[in-house]
Each structure stands twice: as structure tokens, then as C-alpha cells.
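These notes are about the structure you will find just below.
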Amino acid sequence: GINILASVDEIKTAPPISPIPLIVLSAENENPEAEEILFIKDHNEMQSDLVNLSPKGKVFIVKNSGHFIQKDRPDAVIDAIKTIYETSKKPD
């Protein structure tokens, strides 16, 4: 099974990666339930830790999507891939 807490610890202790383009897609929940608020806060912190591994890291907030962004908003995934591709072609 998946151990989310172990994954969070790994991200928090991971060394920086080379300065490669990195995009973290984050689903926006406009009306979270009360019990989701704490999870969302922790999840957002984890995503910040992840994106900060690369100096070229960015977070894209994806509206109208749940956790499975690739199913709910495949256009956002395609746009992120295009952005990475275009960014990687540019000289530093």
C-alpha cells in the first residue's frame, strides 16, 4: 500500500535536485468540508516542499478538478508538459 506519511518525510529530507523545470499540479477545492481543511493544509505544505526541490519549480493550481487531475482536467496536464518542454528549450 501507499504510506503517505513516509512519502512526506522523504520529500522533507530530500536533497535539492539539479535546476530542472518542475511543475506540481495542485487541484483546487473551492468548498472543502471541515474535515478536509487540515488535510489540505498538510497537502499544500507537502507540495511546497516538493516544488522547492528545484529552483525552477512552480505550482499550477488546477480549478474544477479533484485529486485525479489527469482524468478531470487532462488539458491542464498537457499544458504543464508543454510548459516544461518550452522551458527546457530556453537557455539559462
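The values are calculated or read from the model by the stated rules, or taken from the named source; none is laboratory data. Because the structure is a prediction, the values reported are computed rather than measured. Cβ sites come from the backbone with ideal geometry, for glycine too, and all protein chains shown count toward neighbours. These area figures cover heavy atoms from the full protein model, side chains too; ligands, DNA and RNA do not enter into them. Shrake-Rupley method; radii C 1.70, N 1.55, O 1.52, S 1.80 Å.
Could we say that Val62 is touching a strand residue (DSSP E or B) at 6+ places or on another chain (Cβ under 6 Å) and β-branched (Val, Ile, Thr) here? Criteria met by Val62.
How do the pairs read when you match residues in the stretch 44-68 that are open to solvent by less than 30 Å² (accessible area, probe 1.4 Å) with residues anywhere that are of a type in the set (D, E, K, R) and outside any helix (DSSP H, G or I), using Cβ under 8 Å and keeping only pairs 6 or more apart or on different chains? Correct list of pairs: Val51/Lys58; Val62/Glu28; Val62/Arg73; Ser65/Glu28; Ser65/Arg73. At pLDDT below 90 and either open to solvent by less than 70 Å² (accessible area, probe 1.4 Å) or within 26 Å of Lys12 (Cα to Cα) (or both): does that describe Thr87? So Thr87 passes the test.
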